[in-house]
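Structure first, commentary second.
The values are calculated or read from the model by the stated rules, or taken from the named source; none is laboratory data. Owing to the predicted nature of the structure, the values given are computational and were not obtained by experimental measurement. Cβ sites come from the backbone with ideal geometry, for glycine too, and all protein chains shown count toward neighbours.
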Amino acid sequence: MPQLAGPTDPAADARWPDVKPRKGFFTDTSICIGCKACEVACKEWNHNPRDGDLELLRSSYDNSGALGASTWRHVAFIEQGRERIEEARATGRTLVDLGMPSVGAPAPGAPAATDQAPAGSAPAETTILDTPEFRWLISSDVCKHCTHAGCLDVCPTGALFRTEFGTVVVQADVCNGCGTCVAGCPFGVVERRTDGTAAPKAKRGERKGEQPDVPDLGVAHKCTLCYDRLIDDETPACAKTCPTTSIKFGDHADMVAVAKERVAQLHAQGRTEARLYGANELDGVGGTGSVFLLLDEPEVYGLPPDPRVPTADLPRMYKRAGLAAAGMVAAALISFLGGR
Amino acid sequence: MTTSEYDSVRPPEPAGRGRLNGKRRRRARMDGGDGSREMQMVPEPDFTSYYGRPVVKPAPWGPGIAGYLFLGGLAGGSAVLGAGAQLTGRAVLRRNCRLAALASVSLGAIALVQDLGRPERFLNMLRVIKVTSPMSLGSWILSAFSAGAGVAAVAEVDRVTGERLPLGPLRGVLHAVESPAGLEAAAFGPALAVYTAVLLGDTSTPTWNHAHNELPFVFVSSASLAAAGLAMVTTPVTETAPARKLAVLGVAGDLVATQVMRRRMDPVAAEPLHDGRSGALLRVSEALAVAGGIGTLLAGRRRGVAAAAGVALVAASALARFGIFEAGIRSAKDPRYTIEPQKRRLAARRAAGVTDDSITTAG
């Protein structure tokens with residue numbers, strides 16, 4: 001059995017003979033302007049069909065709703081008032097005060113490393129934001145390309161696979177649409193594609209506008225980290241198009257380093273609400289390939305606060321199942337041998 | 001929210017952040033039980049979400065999968081019971097169990113294939129053997145089981161029809177391998193009954209995932225009582241003494257395992273097992289199981305009572321599977337079931353001094 005949890009190089013773990021450096025994103029939400037160019041570039045490059053029925057979702061400027069089979073980049077918009085801003089700053093401060101070690105740092109409870117000193121000695125915080133009574137959180141979400149990917153682990157057909165770049169890709173021509181990966185993903189990323197007419201709000205035959213046929217219906221889809229572009233040494237479409245460099249792309253190790261630098265910089269400015277998401281290889285999914293810098297708790301952005309790849313518990317589940325099956329055999333034996 | 005001098009010129013706000021698809025949930029969660037639909041100005045302390053939208057996605061599975069959970073268990077249990085009958089010389093029980101096993105596994109397999117996004121590619125399930133995928137192992141278990149159950153059941157059909165099946169020289173072969181086939185199916189029976197519990201547990205669907213320790217015991221118990229119940233319906237009481245015992249053991253196991261499961265689970269993740277439609281299904285299931293068990297225990301030797309108790313047990317198993325299935329789907333659709341238990345376990349680890357394994361870090 002391959003390694004099911006903990007830090008590892010996923011491509012090597014998948015026994016690629018020629019492991020390439022692991023690739024990943026660093027999405028710095030503090031400089032995202034919500035232009036959604038990433039959503040558009042992703043759709044265009046990957047020929048993804050329209051998602052939903054062009055309805056306004058009443059969620060700020062977010063009308064694509066969530067990541068899904070045909071939406072592989074999703075820009076979230078959150079409007080916050082003074083109270084929430086202060087709460088976010090406080091939770092970020094707690095995180096800093098926990099003395100949470102940087103990735104790879106040794107024991108828990110170790111005193112806060114020196115590189116976190118600027119955060120501790122931050123100047124008066126209230127002077128930092130130009131609008132203390134309102135802010136817009138804008139974050140471009142994407143597949144996390146987990147070190148231990150729940151979707152990949154549970155895929156029964158081998159349609160999902162680990163690439164030589166350490167990313168996770170679905171082969172649409174192999175997938176039979178069993179849907180297990182959809183339930184397996186701790187982040188709610190991968191989805192089985194429908195033509196949209198099955199959605200509760202959209203009635204059959206009432207879709208707006210002329211639409212081309214939806215390709216690869218009934219199978220799972222998600223971000224491939226532009227596998228086709230990676231092979232040609234190209235930057236993924238979303239990162240290439242991002243006008244503010246909010247979406248950065250590169251070797252995963254570099255991305256983590258850049259992310260840490262950036263969060264330290266923000267902390268030094270007194271913005272303790274800044275925090276990293278996915279940069280810790282000791283977390284429940286072994287660290288994510290897509291690292292984020294967030295300005296509030298993850299659940300505010302629709303991200304799980306403590307995701308854990310379900311397969312990490314699989315050996316235990318198999319043991320319990322074996323025990324239960326043995327119990328069933330024992331019950332049958334008792335029933336037949338127990339006299340009368 | 002903010003108060004500023006420009007507030008008066010703003011258009012009225014929509015009903016709330018959770019408006020998109022969160023209305024019902026929000027009412028249940030946010031108001032004080034007084035029926036007021038007004039959004040609270042202060043969000044609940046432990047729980048915020050992105051416009052009430054789900055964090056994880058529910059499995060795109062229809063009722064066919066819930067039906068399969070039941071039918072797979074019924075088939076597995078029937079094969080075990082059939083093998084017992086085969087080894088102890090109960091010919092009618094053996095025949096009926098073998099037929100039940102094949103019928104239920106066939107219906108279940110059809111339900112599975114129909115639920116695929118691309119049913120024509122169902123054979124891709126046997127493309128690889130993958131231990132990390134309960135669905136993959138389950139497909140192999142289902143195939144191996146079906147082979148044995150099929151041979152054993154066809155042999156019974158051949159016998160019942162007075163050897164009228166057009167088998168030719170294969171008849172000898174069929175009857176030579178039927179006994180081993182029956183035992184082979186029985187060997188895979190418990191695995192068929194239990195793997196679906198691992199399949200559900202090994203997902204990010206909150207209620208299923210949090211139940212992963214006890215779900216296998218619930219599922220084998222449910223399978224045992226269903227198969228025993230069906231045997232009590234189909235077979236005269238003279239041959240069903242073992243089935244009655246298995247039924248009682250199954251009911252006992254089911255009640256205990258379900259209780260333990262509910263108690264050990266995160267209280268929020270367990271909620272869908274208690275309330276709503278899924279909770280109601282499980283309550284009815286429990287009542288039917290108790291009724292069936294008591295009926296079996298007290299008057300199982302009377303044909304009428306045995307049959308009625310058997311029906312109750314089969315129904316109890318079916319409802320339990322549908323209840324657990326629906327509870328999981330519901331838990332995935334509401335971000336609360338994902339976020340609250342996760343926040344709680346993260347806080348618990350931090351309180352215990354483990355601060356190095358959070359996905360959110362300060363640097």
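At-a-glance table
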| quantity | calculated |
| --- | --- |
| Listing of helices (runs of 4 or more DSSP H) fully contained in segment A:220-299 that carry 1 or more residues being over 19 Å from the mean Cα position of the chain (by Cα) and within 14 Å of chain B (Cβ to nearest Cβ) | A:252-268 |
| Filter pass, B:SER139 being without any contact (Cβ under 8 Å) to a residue 40 or more places away in the chain and buried (at least 24 other Cβ atoms within 10 Å of the Cβ) | yes |
| Any hit, segment A:210-218, residues being closer than 22 Å to B:LEU137 by Cα and modelled with pLDDT of 90 or more | no |
| Given (1) under 17 Å from B:VAL268 (Cβ atoms); (2) surrounded by fewer than 18 Cβ atoms within 10 Å (Cβ to Cβ), number of the condition B:ALA327 does not satisfy | (2) |
| Selection count, segment B:234-274, where residues are surrounded by fewer than 21 Cβ atoms within 10 Å (Cβ to Cβ), more than 13 Å from chain A (Cβ to nearest Cβ) and either in a helix (DSSP H, G or I) or in contact with a Ser or Thr (Cβ under 6 Å, 6 or more places away or on another chain) (or both) | 7 |
| Number of positions in segment A:300-323 that are closer than 21 Å to A:GLN3 by Cβ and more than 7 Å from chain B (Cβ to nearest Cβ) | 6 |
| Residue identified as in a helix (DSSP H, G or I), polar (S, T, N, Q) and more than 14 Å from every other protein chain (Cβ to nearest Cβ) among B:SER179, B:SER143, B:SER136 | B:SER179 |
| A:TYR318, sole failed condition from (1) over 12 Å from the mean Cα position of the chain (by Cα); (2) in a loop (DSSP other than H, G, I, E, B) | (2) |
| Any pair with Cβ under 6 angstrom, 6 or more apart, that starts in segment A:240-261 at a residue that is in the same structural domain as A:ALA41 (by TED's automatic domain parsing) and ends at one that is surrounded by fewer than 16 Cβ atoms within 10 Å (Cβ to Cβ) | A:THR244/A:ILE31; A:THR244/A:ILE33; A:SER246/A:ILE31; A:ASP251/A:PRO21 |
| Hits in segment B:75-104 - residues which are within 14 Å of chain A (Cβ to nearest Cβ) and aliphatic (A, V, I, L, M) | B:ALA75, B:ALA79, B:VAL80, B:LEU81, B:ALA83, B:ALA85, B:LEU87, B:LEU93, B:ALA101 |
| Some residue of segment A:40-60 being at the interface with chain B (Cβ under 10 Å from one of its Cβ atoms), modelled with pLDDT of 95 or more and within 30 Å of A:PHE165 (Cβ to Cβ) | no |
| Selection from segment B:51-72 of residues that are surrounded by fewer than 24 Cβ atoms within 10 Å (Cβ to Cβ) and among the aromatic types (Phe, Trp, Tyr) | B:TYR51, B:TRP61 |
